[in-house]
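A short write-up of the structure that comes next.
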Amino acid sequence: MSLQTTEAIYSNLAIDSETADKLFFEARTANTFSTEAVSEEALEAIYELTKMGPTMMNNQPLRITWVKSPEIREAVVAHMLEGNRAKSLDAPALAVLSYDANWHEQFAEFFPHAPERKAMFDDDAVSRAEIAKNNAWLQAGYFIMAVRAAGLYAGPMGGFNPAGVDSVINEGTAHHTFMIVNVGTPGENPWFDRLPRLSAETATKTV
C-alpha cells in the first residue's frame, strides 16, 4: 500500500492513524514470543472486547479456554502438527477457541426480550451446530482484534486434531475446538514476510 493511498484511507477513518496501524496496517501474526507474561487483567479485557461484536440474534457460541496448566498445555500441543508445537509451548498465553453446539441454552440470557425463540432451535441439532460454527468464527475475528487492542500479538493456528484437543479440554460437553491462538509479545525474529492482500478491484464490486 502506497503512502498516498494510506493517507487517503486514514482521512476516512473515525480512529486515528496510530490505532489503525495497531489494529490493521502494521499488525502482524507473531511466530515467536518473548517470555513476558500476559496478565490476568489483559485476558479479561480481551474477552470483554470480544463479546461486544455483533452475531446472529446476539448468540455467543464462542468458548475460550485459556490453557495455564503446563500438563494440559503439553496434552493440547501433542495433538498439533509438529511444526506448530514449539510456538504453542513457548507462547505466554495459549487460547483454545471452541464453539458451543448447544449455544441456544443461554437464549434467556443473550436474547431476554424474546427467550421463547429458543424453541426454534431445540429440535435441529444440525442447524444449531452450523449456526454455532459460523458465529464462533465471526467471534474469533473479534478475538484477534481484541488481542491487538490490548497491545498484544496473536498467532492463530489450525493444523491440529480437533477431536484430540476436545478430549483434553472439552470432554463431556457440546464444545468443539476450531482454532488455537498463541498470545503474547513478539520474540526473536517473529515475522515472516508480509504476504500480499487482494486489491479492492478483485475482492469488491458495486451493483
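Working from Cα pairs under 8 Å separated by at least six residues, relative contact order for the chain is 33 percent. In the range 1-151, one over the average inverse separation of all distinct C-alpha pairs is 18.0 Å, which is the Kirkwood hydrodynamic radius. Since only Ser199, Leu152, Ile9 are under comparison, the one whose Cα sits farthest along the positive direction of the charge dipole of the chain, derived from C-beta charges on Lys, Arg, Asp and Glu, is Ser199. About the centre of its Cα atoms, the chain shows a dipole size close to 400 debye [charges on the beta carbon of Lys, Arg (+1) and Asp, Glu (-1) only; nearest 20 debye]. Taking 15 Å as the straight-line reach from the Cα of Lys68, the aspartates and glutamates in range (excluding those fewer than 8 positions away in the same chain) are Glu36, Glu40, Glu41, Glu44, Asp90. Backbone amide hydrogens, once placed in the peptide plane, bring Ala93 within less than 5 Å of Val183, excluding anything fewer than 5 places away on its chain. In this structure the amide hydrogen of Phe178, modeled in the peptide plane, comes within under 5 Å of the amide hydrogens of Leu97, Ser98, Tyr99, none closer than 5 places in sequence on its chain. Sequence-ordered 3J(HN,Hα) estimates for the range 46-56 from the Karplus curve with 6.51, -1.76 and 1.60 and θ = phi - 60° stand at 4, 5, 4, 6, 4, 5, 7, x, x, 9, 4 Hz, glycine and proline given as x. Distance between the 7 Å Cα→Cβ label points at Asn58 and Leu13: 3.0 nm. Stretching Trp66 away from Phe24 to a fully extended chain increases their span by 12.7 nm, per 0.36 nm per residue minus the current alpha-carbon distance. Close amide-amide hydrogen proximity is noted between Phe160 and Leu81, each under 5 Å apart and 5 or more residues distant or on a separate chain (H modeled in the peptide plane; Pro and chain starts excluded). Computed from backbone phi with θ = phi - 60° and the Karplus coefficients 6.51, -1.76 and 1.60, the 3J(HN,Hα) list for the range 25-31 is 5, 10, 5, 9, 8, 7, 10 Hz; x is used for glycine and proline.
Among Glu36, Glu188, Glu48, the residue with the largest mean-square fluctuation in a Gaussian network model of the chain, with springs joining Cα atoms closer than 10 Å, is Glu188. For the chain, modelled as a GNM with alpha-carbon contacts under 10 angstrom, which of Met179, Met145, Met56 fluctuates the most? For the chain, modelled as a Gaussian network with Cα springs under 10 Å, the answer is Met56. Thr50 sits among other residues whose Cβ lies under 12 Å from its own Cβ, and their net charge, with Lys and Arg +1 and Asp and Glu -1, is +1. For trypsin sites (Lys or Arg not before Pro), the sites in the range 1-87 that DSSP calls loop and that have at most 13 other Cβ atoms within 10 Å are Lys68.
Taking the chain as a Gaussian network of alpha-carbon nodes connected by springs under 10 Å, the highest mean-square fluctuation of the residues Ser39, Ser69, Ser127 belongs to Ser69. Take the Cα of Met120, step 7 Å toward its Cβ, do the same at Glu41, and the gap between the two points is 4.1 nm.
Values in this text are rule-based calculations from the coordinates and carry no lab data. Quantities reported herein were computed from a predicted structural model and do not represent experimental measurements. Neighbour counts are summed over all protein chains in view; Cβ atoms, including those assigned to glycine, are modelled from backbone coordinates with ideal geometry.
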